Amino acid sequence: KTEAPRSVYDALLLPALNYAERDRLEQRLSLDEETAVIDATRELLSDAAESIRRLEPEPSPPDDSTLPGSREPLRVLGFATNGSADELALEMLGHLLDDLPIVVEITKGRMLASELVSLVQAQGVSVICLADLPPSPPSKTRYLVKRLHAALPNVRILVGRWGPQALADDSAQLLRDAGATLVASTLAETRTYLGGLVEMPRIPIQGASSVQAA
């Protein structure tokens with residue numbers, strides 16, 4: 001109650017996913033038990049989002065005349081690297097951003113690196129966020145970052161290694177070296193970065209079409 005309402009994501013909900021994953025990797029939880037934790041957290045997320053909407057004042061509508069470029073919401077393509085926990089973390093990010101003109105479009109299901117590159121091109125987004133919760137190793141995400149950066153150097157690639165400090169690792173520099181624009185350890189850090197992009201003109205991605213990928 002003493003903290004800002006939106007801090008609940010980083011403080012309580014997200015760590016539940018991190019520690020469930022850790023306990024599965026260390027064989028203290030079965031896959032089914034981890035899934036139960038994820039499902040319970042998803043239910044709590046809906047309750048938390050509704051409580052935050054009640055607690056926070058309605059934002060004032062922006063004055064479009066003061067903002068440069070197109071006023072369409074900033075579209076962020078979200079991709080869960082390792083499954084349902086990462087996908088739920090992206091949903092938390094979407095809730096955390098719901099007072100800003102930013103839309104997180106989460107890609108469902110597994111996808112090869114080449115398919116992800118093609119999807120980014122087809123959707124024409126200039127920002128992609130790869131969710132990869134610790135303590136799982138970031139090797140798959142590092143490969144995806146390399147492929148995306150090589151094919152689409154103008155796309156901002158954000159990596160969410162979101163989790164409590166106790167589970168932090170030294171993967172951030174490796175991911176930045178691979179081409180990541182930002183490697184964030186908290187959802188709040190990612191929100192701050194994306195908030196800074198809102199007033200920037202939208203830059204079309206070369207080779208993008210208006211066709212939306214399924």
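What to note about this one:
- Taking trypsin sites (Lys or Arg not before Pro) across the stretch 78-161, the ones in a DSSP loop with at most 14 further Cβ atoms lying within 10 angstrom of their Cβ are Lys108, Arg110.
- The value of relative contact order for the chain, using C-alpha pairs under 8 Å at least six residues apart, is 24 percent.
- Note on the chain: Kirkwood radius taken over Cα pairs, Stokes-Einstein applied at 37 °C and 0.692 mPa s, translational D equal to 183 µm² s⁻¹.
- Distance between modelled label sites at Glu72 and Ser51, nm, 7 Å Cα→Cβ extension: 3.7 nm
- CD proxy at 222 nm, helix term only [per DSSP H run n ≥ 4: -39500 (n - 2.57); per residue of the chain; nearest 500]: -14000 deg cm²/dmol
- Top positive-direction residue, dipole computed over the chain with Cβ charges, set Val127, Gln27, Gly78: Val127
- Only protein heavy atoms count here; under a 1.4 Å probe, Ser114 has an accessible surface of about 60 Å².
- Ignoring lysines fewer than eight residues from Lys108 along the same chain, the ones with Cα atoms less than 20 angstrom from its Cα are Lys140.
- With 10 Å bins from 0: P(r) over the stretch 68-144, alpha-carbon pairs, percent: 18, 49, 28, 5, 0
- For the chain, with +1 on Lys and Arg beta carbons and -1 on Asp and Glu, the positive-most of Pro101, Ala48, Leu174 along the dipole: Leu174
- Electrostatic dipole magnitude of the chain [Cβ: Lys, Arg +1; Asp, Glu -1; Cα centre; debye, to 20]: 740 debye
- The length gained by stretching the chain between Asp98 and Ala150 to full extension, at 0.36 nm per residue less their Cα-Cα distance, is 15.6 nm.
- All-pairs Cα distance distribution in the stretch 85-211, expressed in whole percent, bin size 10 Å: 12, 45, 37, 5, 0
The values are calculated or read from the model by the stated rules, or taken from the named source; none is laboratory data. All figures in this text were calculated on a predicted structure; none of them were measured in a lab. A quick note on method: Cβ atoms are made from the backbone with ideal geometry, for glycine too, and the neighbour counts reach across all protein chains shown. Note: accessible area is taken over every heavy atom of the protein model, side chains too, but ligands, DNA and RNA are not part of it. Shrake-Rupley method; radii C 1.70, N 1.55, O 1.52, S 1.80 Å.
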